[in-house]
Amino acid sequence: MDTNRSEQALRCEAIRRRLAGESRKQICADLKRATSWFDKWWAAYRRDPQTDFADQSRAPQHSPQQWSAEVEQLIVSIRRVREAGRTPETKYGFIGHRTIQGDLERLGVKPPPSLAKIQRVLAEHDLTHPLGAAEDKAYYPRLLAWEPNAIHATDIITRHLRGGAEIQNFHTIDHFSQAVHLSQTLAKTSTTVRAYLLENWADLGLPFIQQFDNEGAFCGGHTHPRVIGQVVRLCLFCGIEPLFIPEYEPKRNQLIETFHSVWLRGFWSRRVFRNLSHVQREAPIFVDNYQRDYRPPSLEGFSPAQMRCGYKPFRLTAALRKLIPEGRLPITAGHIHLMRKVDSQGTISLLNETWSVGKKWMGEYIWSVIDTLAQTLTFWHLADADAQWQRIKSRCFRLPEPVEPLLPSFHRNRARCREHLPG
């Protein structure tokens, strides 16, 4: 350690390294400081992220090549500390990219990333919602999986290879068993999502509910009103009900977000990958180890493979896949689910259209169900875990093209699924 460095610079470095994911024990060992010293300054930072640890910090600087992974983690950590607002100093603090850039400067990141780069990182982690958008004052009707393949959650996490190439990492987790399916491409479009889902359903099996966030590649884009995108059409064609979580609330995708963290620690951060092919060769090894050896805390000592032992999934076989037309799919009879929070005007946004629910529901979560066969849109509300679903209102939802019936080959007994959904 450089004995000439000021005490303030060491404090700054300790907090920066903790935010970047290093352990408290390792930081204290490297800086030759007691854990009580670290705890004091970590608490000071949590109280006020604007704490000035050093007026002229000599903490290590970052070159553009070095900062990518570490500072990306810093950006995410700073945002979450600020947004939590657990102290008087942060309760009404700001959380935007300019504020985060200032925090990075105080933590010794020189030169700090541009505002545009910070905003891109926040967007990749679904942290671009406005102040207050993620508050949990209203009851959220979380859907619980009742068996394997009841609910799958799919998400895309973007990472960069050394040299700048982007890898789009497609991840799906089965809510019940926490088994996963992964794939990697260079693009995230409705076409690549469609190819990935077909591959996933051939592996894990077809779910009853397929959960997504509001990424354009999933929902069909954010331009045309009443859009029924190709990914939604594919789900309906295969007898799967797509479910979209509320906008700007990645915490509603908690299981897949938690898996992202496991994947980052156990796979992405452990190798320097040369290219897409290198990632694709190594990923199955990680998946095999995860399914066999990992014990997620919520599974009480069981691995994903053990949770699926003896289960026979309804897989997308080669014969079933031949029934799916190439190109643009029709709209099939089925249900589309969208969770939304009512805004101050008493409205919600669904498929690029604004719908009035009523100001009495302001701040409440509304479960919206589109029945493509009946061409209706119904709003439901659940007051708490012990209440019954309340039907608020139903509206006509005309579709601009014919609706096709579900093919008999994709029919399944949906009795238990219906028990867990509104209506």
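Summed over the stretch 4-40, residues that are exposed (fewer than 15 other Cβ atoms within 10 Å of the Cβ) and part of a helix (DSSP H, G or I) total 10.
Kindly indicate whether any position in the stretch 239-251 is assigned to a loop (DSSP other than H, G, I, E, B), hydrophobic (A, V, I, L, M, F, W, C) and either under 18 Å from ASN149 (Cα atoms) or within 18 Å of the chain's Cα centre (by Cα) (or both).
yes
Consider the stretch 387-423 and keep the residues that are among the acidic types (Asp, Glu) and more than 22 Å from LEU350 (Cα to Cα). The one that is surrounded by the fewest Cβ atoms within 10 Å (Cβ to Cβ) is GLU419. When LEU373 is tested against (1) at pLDDT 95 or above; (2) out of contact with any Gly (no Cβ under 6 Å at 6 or more places or on another chain); (3) crowded, with 19+ Cβ neighbours inside 10 Å, exactly one condition is not met: (3). Just wondering, is there one or more residues in the stretch 298-305 that are over 29 Å from PRO141 (Cα atoms) and in contact (Cβ under 8 Å) with a residue 12 or more places away in the chain? Taking every residue of the stretch 298-305 in turn, none turns out to be over 29 Å from PRO141 (Cα atoms) and in contact (Cβ under 8 Å) with a residue 12 or more places away in the chain. Within the stretch 211-231, if we keep just the residues that are β-branched (Val, Ile, Thr), more than 21 Å from LYS341 (Cβ to Cβ) and in contact (Cβ under 8 Å) with a residue 60 or more places away in the chain, the residue that is surrounded by the most Cβ atoms within 10 Å (Cβ to Cβ) turns out to be ILE228. In this structure, is GLN306 in contact with a strand residue (DSSP E or B) (Cβ under 7 Å, 6 or more places away or on another chain) and more than 26 Å from GLU404 (Cβ to Cβ)? When the stated conditions are applied, GLN306 does not pass them.
Pull up the stretch 320-347, narrow it to residues that are of a type in the set (A, V, I, L, M) and in a loop (DSSP other than H, G, I, E, B), then point me to the one that is farthest from the chain's Cα centre (by Cα). Result: LEU323. Residue pairs whose Cβ atoms lie under 7 Å apart, sitting 6 or more positions apart in sequence or on different chains, and linking a residue in the stretch 274-291 that is touching a residue at least 12 places away in the same chain (Cβ under 8 Å) to a partner that is polar (S, T, N, Q), are LEU276/GLN184; VAL279/GLN184; GLN280/GLN184; ALA283/GLN184; GLN291/SER303. Condition first: closer than 26 Å to VAL193 by Cβ, of a type in the set (Val, Ile, Thr) and either out of contact with any helix residue (DSSP H, G or I) (no Cβ under 8 Å at 6 or more places or on another chain) or in a helix (DSSP H, G or I) (or both). Can you find one or more residues in the stretch 393-408 that meet it? Among the residues of the stretch 393-408, at least one is closer than 26 Å to VAL193 by Cβ, of a type in the set (Val, Ile, Thr) and either out of contact with any helix residue (DSSP H, G or I) (no Cβ under 8 Å at 6 or more places or on another chain) or in a helix (DSSP H, G or I) (or both), which makes the answer yes.
Scan the stretch 169-186 for residues that are more than 25 Å from GLY310 (Cα to Cα) and either in a helix (DSSP H, G or I) or touching a helix residue (DSSP H, G or I) at 6+ places or on another chain (Cβ under 7 Å) (or both) and the total you get is 5.
On inspection, ARG274 does not qualify as loosely packed, with under 15 Cβ neighbours inside 10 Å and touching a Phe, Trp or Tyr at 6+ places or on another chain (Cβ under 7 Å). Of the residues making up the stretch 187-237, those that are more than 21 Å from LEU351 (Cα to Cα) and not in a helix (DSSP H, G or I) are ALA187, LEU204, GLY205, LEU206, PRO207, PHE208. Of the conditions (1) modelled with pLDDT under 95; (2) within 29 Å of ASN149 (Cβ to Cβ); (3) not in a loop (DSSP other than H, G, I, E, B), ALA385 fails just one. Which one is it? Result: ALA385 passes all but (3).
Please enumerate the residues belonging to the stretch 207-231 that are hydrophobic (A, V, I, L, M, F, W, C) and over 18 Å from the mean Cα position of the chain (by Cα). Steps first, please.
Initial filter on the stretch 207-231 (hydrophobic (A, V, I, L, M, F, W, C)): 208-209, 212, 217-219, 227-228, 231.
Hits for the stretch 207-231 are PHE208, VAL227, ILE228.
Among the candidates SER277, SER269, single out the residue that is in the same structural domain as ALA179 (by TED's automatic domain parsing), modelled with pLDDT under 95 and part of a helix (DSSP H, G or I). SER269 is the lone residue from the list that is in the same structural domain as ALA179 (by TED's automatic domain parsing), modelled with pLDDT under 95 and part of a helix (DSSP H, G or I).
The values are calculated or read from the model by the stated rules, or taken from the named source; none is laboratory data. Not measured: the values here are computed from a predicted model. Note that each Cβ is placed from the backbone with ideal geometry, even for glycine, and that neighbours are counted across all protein chains shown.
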